[in-house]
Amino acid sequence: MKVEEEIVRRGGQPAFPTGIGVNQVTAHYAPQNDEAGKVQESDVVKIDYGVHIDGYVADTSVTITENPSYQLLLEATERALQAAMEVVKRDRRIGEIGRAIAATAKAEGFRPISNLSGHTLEQYVVHAGKSIPNLYSPGLPMLNKGDVFAIEPFLTLADAAGFVVEAPQENIFSLIVRKRTGNKELDDLMDRIWNQRKTLPFSPRWFDQGYKEGRLVALLRELEKRRLVHSYPTLVEASGKPVAQFEHTMTIEDGGLVVLT
């Protein structure tokens with residue numbers, strides 16, 4: 001993909017497969033080599049991509065559309081991100097970040113996706129210990145100096161369900177643990193994944209060289225059955241309404257908030 005090629009050209013590596021979410025497709029969808037779908041001018045398209053260098057990750061996303069009916073949705077989502085960042089500058093309570101996102105969405109006539117959130121990042125870990133929800137939630141931990149985290153509001157229409165559900169497609173995987181199985185084909189695949197990705201998410205299209213059609217996915221399913229690989233189901237808005245997303249990665253230093261993307 002062009003995005004991933006550009007990441008490599010600039011000296012990085014993809015932190016995860018580039019996600020392309022069209023309309024109600026909200027997260028964890030990464031097209032494969034044999035797909036021939038096209039984006040329509042009326043679509044709302046989310047592009048979620050990340051870069052890592054030596055396992056240190058920056059995660060960001062944008063939403064685009066040529067459909068004027070959804071332009072306000074995109075603008076509101078971007079303003080929700082800015083409101084969240086303003087909160088971080090003066091208040092490190094994660095719950096207050098979610099409150100700002102939800103308040104902005106409501107004021108603009110939209111609603112946040114309730115069961116998706118931002119997250120802290122660590123070396124070779126895209127979703128580390130702390131979650132940053134898009135709604136107010138009490139009792140959450142503080143963000144601390146040195147934390148690296150991504151804030152990513154997801155907004156949808158006011159009459160939407162406002163949450164995502166799992167779709168059948170699974171085309172993003174990650175290695176949970178490197179452990180010998182006694183099966184050479186499985187062990188060789190795990191070695192390839194570990195050497196290139198460690199525990200970062202990957203797409204089957206990055207490893208399909210040398211396998212007959214369907215064989216790589218069958219091996220991944222076997223590794224998943226053995227609890228050595230994790231799959232990420234595609235997530236879609238439950239009522240089929242379009243979703244917009246904007247995201248930045250940032251950290252807190254002595255001088256305050258530093259935006260990294």
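The values are calculated or read from the model by the stated rules, or taken from the named source; none is laboratory data. These numbers come from a predicted model, not from an experiment. We place every Cβ from the backbone using ideal geometry, glycine too, and count neighbours over all the protein chains shown. Heads up: the accessible areas ignore ligands, DNA and RNA and are worked out on the full protein's heavy atoms, side chains in. Shrake-Rupley method; radii C 1.70, N 1.55, O 1.52, S 1.80 Å.
For K2, go through the lysines and keep the ones whose alpha-carbon is under 22 Å away, minus same-chain ones fewer than eight residues off.
Leaving aside lysines fewer than 8 places away in the same chain, those within reach of K2 are K38, K46.
Determine ³J(HN,Hα), in whole Hz, for all residues of region 156-170 in sequence, where each value follows from phi through the Karplus function 6.51 cos²θ - 1.76 cosθ + 1.60 and θ = phi - 60°; x replaces Gly and Pro.
Coupling constants for region 156-170: 9, 6, 5, 9, 7, 5, x, 8, 10, 10, 7, 9, x, 5, 9 Hz.
Would you list, by chain and number, the lysines whose Cα falls below 20 Å from the Cα of K106, excluding same-chain residues fewer than 8 positions away?
Straight-distance partners of K106: K241.
Just add up the charged neighbours of Y232: K/R +1, D/E -1, any other residue whose Cβ is under 13 Å from the Cβ of Y232.
Net charge in that neighbourhood comes out at -4.
Which sequence of T77, T104 reflects their accessible areas, 1.4 Å probe, from the largest down?
T104, T77
What FRET efficiency would be calculated for the residue pair T251, E35, taking the C-beta separation as r and a Förster radius of 22 Å, to the nearest 0.05?
Efficiency, from the Cβ-Cβ distance: 0.05.
If DNA, RNA and ligands are ignored and the probe is 1.4 Å, what is the ranking of Y136, Y29 by accessible area, most exposed first?
Listed by decreasing accessible area, they come as Y136, Y29.
With each pseudo-label sitting 7 Å past Cα toward Cβ, what's the Q82-N195 distance in nm, one decimal?
Each label point is offset 7 Å from its Cα along the Cβ direction, giving 4.8 nm.
Kirkwood Rh, region 131-261, all Cα pairs: how many Å?
The Cα-based Kirkwood calculation yields 18.0 Å.
Which residues does the label zone of E185 cover in region 193-210, counting backbone N under 16 Å from a point 7 Å along Cα→Cβ?
208-210, by backbone N distance to the label point.
Hey, can you grab everything whose amide H is under 5 Å from the amide H of A158? Only 5+ residues off in sequence or another chain; H modelled, so Pro and N-termini drop out.
For A158, the qualifying residues are R111.
Label points 7 Å out from Cα along the Cβ direction at K89 and A167: separation in nm?
3.7 nm
Among the lysines, which fall within straight-line cross-link reach of K179, defined as a Cα-Cα distance under 30 Å, with same-chain neighbours fewer than 8 residues apart omitted?
Partners found: K130, K198, K212, K225.
Measuring from label point to label point, each 7 Å out along Cα→Cβ, what is the V8 to I47 span in nm?
1.8 nm
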